[in-house]
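Every number in this text was worked out from the coordinates using simple rules, so none of it is lab data. Keep in mind that this is a model prediction, so the values were computed, not measured. Note that we place each Cβ from the backbone using ideal geometry, even for glycine, and neighbour counts take in every protein chain shown.
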Amino acid sequence: MTDTLADQPLPVRAKLVAAWTSFMFFYAYVDILNFYKPGAIAEILEGRVHEFELSQTFSVTALGILAVPMYMIVASAALPPAANRVTNLVVASLLVPFTIYNISGGEYLLFYGLGIVLELVLLALVVRWAWTWPRTTTAPDAAPRAAGALR
């Protein structure tokens, strides 16, 4: 007799939470590992990131942009299924062009390219899982059946 592990299906909510959490890790680590690029710290100390001047506006904008996938972790766990599905489809789809734009900031194209491809794979999974969210069928109302039986 062999003992095998049971493979329980993972709920869509859990998949979405995991994908958004992984997306945030990639997003953060690509930025953190960028600090090791020669000249990156000097550029920051000069008050620039890529072509942007470091300012309160830059910081608020960056935080606002990062807040979107951060809140998607919570939204994916908390929203009702219909709202959850639509929100995930819309937000993931809107993040695709934004994620692709990030390649423009990278001098290390293999590094940035890999990071972006990995992020896009996660966004694609979010879209797929949200799009194919399982539906439940409800039994037809008993009243119409009874009315039909009287005819």
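Global dimensions of segment 12-132 from alpha-carbon coordinates: Rg and Dmax equal 15.5, 48 Å. Cα centroids of segment 1-42 and segment 82-103: 17 Å apart. In plain terms, the chain is cut at each of the GluC sites (Glu not before Pro) found in a DSSP loop with at most 15 other Cβ atoms within 10 Å, and the longest leftover piece is 52-106. The residues F98, F26, when put in order of fewest to most other Cβ atoms within 10 Å, stand as F98, F26.
Once the Cα-Cα distance is subtracted from the 0.36 nm per residue extended length, the T4 to V74 segment shows a gain of 21.8 nm. Segment F35..A83, full-extension length gain: 13.5 nm, with 0.36 nm per residue of separation and the alpha-carbon distance subtracted. Highest mean packing first, where packing is the average number of other Cβ atoms within 10 Å per residue, the peptides 62-74, 30-42, 81-93 line up as 81-93, 62-74, 30-42.
For R48, the residues whose modelled amide H falls within less than 5 Å of its own, excluding neighbours fewer than 5 places apart on the same chain, are L54. Multiplying the residue separation of S104 and V117 by 0.36 nm and removing their Cα-Cα distance gives an extension gain of 3.3 nm.
Using the crude model of +1 on Lys and Arg Cβ and -1 on Asp and Glu Cβ, and no other charge, please compute the dipole size for segment 12-132 relative to its Cα centre, in debye to 20.
On the way: 6 positive and 7 negative charges, 141 e Å.
I would put it at about 680 debye.
Summing -39500 (n - 2.57) over the DSSP H runs of n ≥ 4 in the chain and dividing by its residue number, what mean residue ellipticity at 222 nm do you reach, to the nearest 500 deg cm²/dmol? Walk me through the numbers on the way to the answer.
On the way: 6 runs with 105 residues, N = 151.
That comes out to -23500 deg cm²/dmol.
Select from the chain the helices, each a whole stretch of DSSP H, whose alpha-carbon atoms run 24 Å or more along the helix axis and whose Kyte-Doolittle mean is at least -0.5; answer none if there are none. Length and hydropathy pass: 12-34, 56-78, 81-101, 109-131.
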